[in-house]
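Working notes, structure below.
No lab work stands behind these numbers, since they all come straight from the coordinates. Please read these numbers as outputs of a predicted model, since none were measured by experiment. Every residue, glycine among them, receives a Cβ derived from its backbone with ideal geometry; neighbour counts consider all protein chains shown.
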């Protein structure tokens, strides 16, 4: 599948705007409906206001009618009592006013005909009294006024008008309450509509933003997945993702090429069908060493991997943990080391061949120089003897270099053997001292060798022990200043162990160099002009590694200050009354106590020695107080040397 196809498969559709627009349109329509309802309510309110105005006009009209009727009665009585024509004119004016009032355009009450009839009856009574008074019949006119009929008509008119006004008032009150109820309902509905609209628009906005953010996260996840897939398929190492149950979930293109399988063919199959990373019994996590999300071993070297055609190729396996909700998955990275092993084997064979080819003529050269020095060709002149001595010393140094290279190759290839037997450790120390006398004399140093008078029996390879002690002594000679003593002694530490100590007054080992002290061609001071190739301690470390020794730094640094000199010791415990003893060989320097007068005793880190060989002691660094010899001591280990 191409990158474009993978993107199409993972493509995330963006958020669509039309659902949100549709909801917005619906909300707008609801607002328009609310406005229409408000308009209708305003129209009803206007109608109510007009009805109230008409009601007020009618009530005012009736009040004016009653007032004019009272004025008419007063004018009538004044004319009847005084006969003054001005009262008659006022009476006639009130009659015109009554006629105008009854002819008013205001909408009359529902009982207006009854009121008009009663008004007419009252006017008729008043007119008959005025007419009798004008005819000079005052007694009859007074009798009409004194008659209760007119008062009864007037009372009926009052009651009718009051009843009409009461009904009008009640109707107005009902309409006012109805308008108030509608107004309150419209107010509440408007508030609810406004609040609902705001909430709805807010919710729409939040939903839109949430959808956009989710889409952005999905796009980021898709892009990250595409990048990771591209990186996974572009790497040259085979990478497999293994489930918590140990089955393969997926693998990259390099794994398909290396193993010859397709991803679909391997999905669900156990990882051990390809490479056995979890041997033994139990759950997959237990077998692979996975505890609390951490691996006990994250790197497996030189493991066989099976291809589809049945061929087995060597691979280095790197393991990683990927924590997912479904459990801890393993990332298994396989690197084909076939070509690297071929190159390493060719290199080892070349170095071994060259070393052998160089050592054969050099051995002849050293033998010839030895014969010359011994006088086989007669007595040599002093100048020639000096030249022969220099040639012999350098030839032997070259042979030691070649031997160190061969030993390193033998150890790394597993071909180094030990000729073990019961030996006297004093002979080892004496041979190392004798072999180093020429180097010490040439460097202007004093070589002091001290061994006990009693035999020191141990079980070991005499030649290898001589090589180990000789490497330490030669290293001490190279780093010591001119005229300084180099001391080699063999002592018993009082705990059933024999310790070979080599002490010098050299500058010590820098703190930053201590992790590389046993590496090939490693030198603490490469530009100080001193001789040395950096192979002596490398061979020493590898030979000790075959005996399962390991260094422990007893101080934070090997040489933290001038005057503090490290002691480098390789030891074997020596059981009391048992010839299967242990021997310690080391190089030390006289040092100082710490500020409180005690020896520093700070544990350090193990160096990368070999993993095969016998159980043995430790290799440690320690500073010692003045006047005491340094020594490398370690723990006693039981068992037979194998």
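What to note about this one:
- Centre-to-centre separation between the Cα atoms of the range 130-172 and those of the range 173-217: 62 Å.
- Sorted largest first, the principal axis extents computed over the alpha-carbon atoms of the range 18-208 equal 102, 25, 21 Å.
- Seen from all directions on average, the range 312-373 presents a Cα convex hull projection of 7.5 nm².
- Calculated over the range 236-336, the projected area of the Cα convex hull averaged across directions stands at 6.0 nm².
- The slack in the chain from residue 99 to residue 329, taken as 0.36 nm per residue of separation less the alpha-carbon distance, amounts to 71.8 nm.
- Shown here is the pair-distance distribution of the range 57-168: with all Cα-Cα distances grouped in 10 Å bins from zero up to the longest one, the shares run 14, 46, 28, 11, 1 percent.
- Intensity falloff of the range 184-248 expressed as log10 I(q)/I(0), Debye formula with alpha-carbon point scatterers, at q = 0.19, 0.28 Å⁻¹: -0.86, -1.06
- Compared with the alpha-carbon gap, the fully stretched path from residue 50 to residue 291 is longer by 77.7 nm at 0.36 nm per residue.
- All Cα-Cα distances of the range 341-392, cut into 10 Å bins from zero to the largest, leave 24, 32, 19, 15, 9, 1 percent in each bin in turn.
- Placing a pseudo-label 7 Å from each Cα along the Cα-to-Cβ vector at residue 385 and residue 245 gives an inter-label distance of 8.7 nm.
- Debye log10 I(q)/I(0) for the range 348-496, one point scatterer per Cα, at q = 0.12, 0.14, 0.16, 0.18 Å⁻¹: -0.65, -0.87, -1.08, -1.23
- Spin-label model, residue 163/residue 25: points 7 Å from Cα along the beta carbon direction are separated by 6.2 nm.
- Kirkwood Rh and Cα Rg combined as Rg/Rh, the range 142-276: 1.89
- Residues in the range 208-230 that a label on residue 253 would reach, taking backbone N under 12 Å of a point 7 Å out along Cα→Cβ: 229-230
- Maximal additional length on extending the residue 430-residue 308 stretch stands at 37.8 nm, based on 0.36 nm per residue less the C-alpha distance.
- Here each label is just a point 7 Å from Cα along the line to Cβ, and for residue 138 and residue 422 those points are 18.8 nm apart.
- Taking every alpha-carbon pair within the range 134-210, the share separated by more than 14 Å comes to 79 percent.
- With a Förster radius of 22 Å applied to the beta-carbon distance between residue 35 and residue 176, the computed FRET efficiency rounds to 0.35.
- Highest average packing first - 337-345, 160-168, 251-259, Cβ atoms within 10 Å: 251-259, 160-168, 337-345
- From least to most packed, judged by other beta carbons within 10 angstrom and beginning with the fewest, 456, 479, 27 follow the order 27, 456, 479.
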